[in-house]
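Presented below is the structure to which this report refers.
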Amino acid sequence: MPTHPVPPAGKQQFERIPTGEAELERALLQRLSVQTKPPGSLGLLESTGVRLGLLQKTVFPKAETFRVCVFAGSHGITAQGVSAYPAEVTTQMVGNFLVGGAAICVLARAAGASLHVIDTGVDAPAAAWPAQGANFFQRAARRGTRCFSREPAMHAQECHTAMEAGREQVCLALADGIDVLAIGEMGIGNTTSAAALCAALLPAPATSVAGRGTGVDDAGLVRKIQVIEKALETYTVNLHDTTSARHWLECVGGYEIAAMAGCILAAAEAGLPLLVDGFIASAAALVAARMNPAALKCCFFAHQSAEAGHALLLEKLGVTPLLHLGLRLGEGTGAALAIPLLRAAARLLSEMATFESAGVSEGHQKTRETLR
């Protein structure tokens with residue numbers, strides 16, 4: 001079994017999040033304005049490149065080395081029939097990740113990204129996965145969350161342990177020279193937890209954020225909505241309280257969601273660009289943003305998934321996804337597909353010629369000002 005020392009416990013200074021300087025932003029925008037293209041003609045790639053530059057504090061951003069982290073956890077709420085797949089699929093899919101057979105394994109290889117698999121609380125012993133390697137991290141806070149229709153999903157210390165598992169991956173990425181970290185998840189039942197978090201924290205009606213997830217039928221969707229509505233009633237607190245995000249995470253969340261929230265907070269503190277996958281990962285971003293609004297500065301939202309509620313969540317977060325492909329698998333697959341876009345955005349700023357260096361005539365000043 002690989003050995004990965006657990007980092008020392010202790011309070012993390014997630015609040016120390018650097019912000020981009022106005023002077024650097026002006027320099028990045030100025031560089032874009034003199035490159036051999038009409039102003040704004042590369043659309044979202046331009047603003048993406050600027051954000052990368054601000055995070056890395058340079059006018060020549062770099063996005064060459066990527067890592068995808070898949071956080072896995074089991075959910076007690078599956079006992080309520082909210083998923084079309086049995087709970088043991090979470091364990092089985094972790095095994096599939098470790099032998100390289102899952103969709104995220106294929107897409108990470110295609111994108112030239114390394115892959116880490118983190119057990120944050122799968123309801124199975126580590127011995128269930130014989131093909132463990134250096135990319136596997138056993139960081140289980142508990143073997144699955146509790147059924148939150150009966151009691152809170154996790155205890156405070158378990159939530160902390162899961163968040164630390166996410167922070168650890170940021171520390172490792174920085175140590176390994178990773179330019180951009182991507183996050184995804186695996187956990188049968190986690191669309192129910194994500195929808196419950198959205199319903200509580202946006203806030204929004206359960207009917208607007210609960211979808212079919214793995215493909216539940218009409219009866220399953222009704223059960224899912226009822227479970228969420230009951231949880232909202234049971235665990236309601238003053239949502240203006242700054243501790244409410246942590247409260248809801250502990251009450252209805254999942255260990256993999258807590259880990260991703262911790263990962264986002266740590267990435268923002270470090271200024272590490274982070275690709276957020278689909279609905280579940282975006283729910284983790286919502287939790288992180290409620291804990292510290294500046295956490296979203298490091299987040300690039302890979303895609304808008306087909307899961308009900310994701311479009312509303314992205315709208316409420318005020319973010320624009322890079323892709324819209326009708327995906328709803330999770331695992332970090334959308335994030336892996338967005339890797340070439342971030343790589344291209346960085347290279348455009350760093351490598352594209354200016355009108356002066358290429359000897360190309362610029363457009364008329366009046367026309368250029370109009371295009372701006």
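The values are calculated or read from the model by the stated rules, or taken from the named source; none is laboratory data. None of the values given here were measured: they were computed from a predicted structure. Methodologically, a virtual Cβ is constructed for each residue, glycine included, from the backbone with ideal geometry; neighbour enumeration extends over all protein chains shown.
Before moving on, here are some points about what is shown:
- Failed criterion for Ala306 (all others in (1) assigned to a loop (DSSP other than H, G, I, E, B); (2) hydrophobic (A, V, I, L, M, F, W, C); (3) in contact with a strand residue (DSSP E or B) (Cβ under 7 Å, 6 or more places away or on another chain) hold): (3)
- Filtering Val117, Val106, Val99 for residues that are buried (at least 24 other Cβ atoms within 10 Å of the Cβ) and more than 30 Å from Leu28 (Cα to Cα) leaves a single hit, Val117.
- Ala175 vs. criteria closer than 30 Å to Leu115 by Cα, free of Cβ contacts under 8 Å to residues at least 12 places away in the same chain and among the small types (Gly, Ala, Ser): yes
- Scanning region 35-49 for residues that are touching a residue at least 40 places away in the same chain (Cβ under 8 Å) and either closer than 23 Å to Val180 by Cα or surrounded by 14 or more Cβ atoms within 10 Å (Cβ to Cβ) (or both) yields Gln35, Thr36, Lys37, Pro39, Leu42, Leu44, Leu45, Glu46, Thr48, Gly49.
- Cβ-Cβ under 9 Å pairs, at least 6 apart or on other chains, region 349-372 side at pLDDT 85 or above and among the β-branched types (Val, Ile, Thr), far side surrounded by 10 or more Cβ atoms within 10 Å (Cβ to Cβ) and not in a loop (DSSP other than H, G, I, E, B): Thr354/Arg31; Thr354/Gln35
- Among the residues listed as Glu269, Glu256, Glu250, the single one being buried (at least 20 other Cβ atoms within 10 Å of the Cβ), of a type in the set (D, E, K, R) and touching a helix residue (DSSP H, G or I) at 6+ places or on another chain (Cβ under 6 Å): Glu250
- For Leu325, the requirement of being touching a strand residue (DSSP E or B) at 6+ places or on another chain (Cβ under 7 Å) and free of Cβ contacts under 8 Å to residues at least 60 places away in the same chain is met.
- You will find that of Val252, Val222, Val227, Val216, the residue that is of a type in the set (Val, Ile, Thr), closer than 18 Å to Ser83 by Cα and without any contact (Cβ under 8 Å) to a residue 12 or more places away in the chain is Val222 and no other.
- Residues that are surrounded by fewer than 24 Cβ atoms within 10 Å (Cβ to Cβ), over 20 Å from Ala270 (Cα atoms) and either touching a helix residue (DSSP H, G or I) at 6+ places or on another chain (Cβ under 6 Å) or of a type in the set (Phe, Trp, Tyr) (or both), drawn from region 160-203: Leu201, Leu202
- Looking across Ala124, Ala131, Ala102, one residue alone is under 16 Å from Ala87 (Cα atoms), aliphatic (A, V, I, L, M) and touching a residue at least 24 places away in the same chain (Cβ under 8 Å). It is Ala124.
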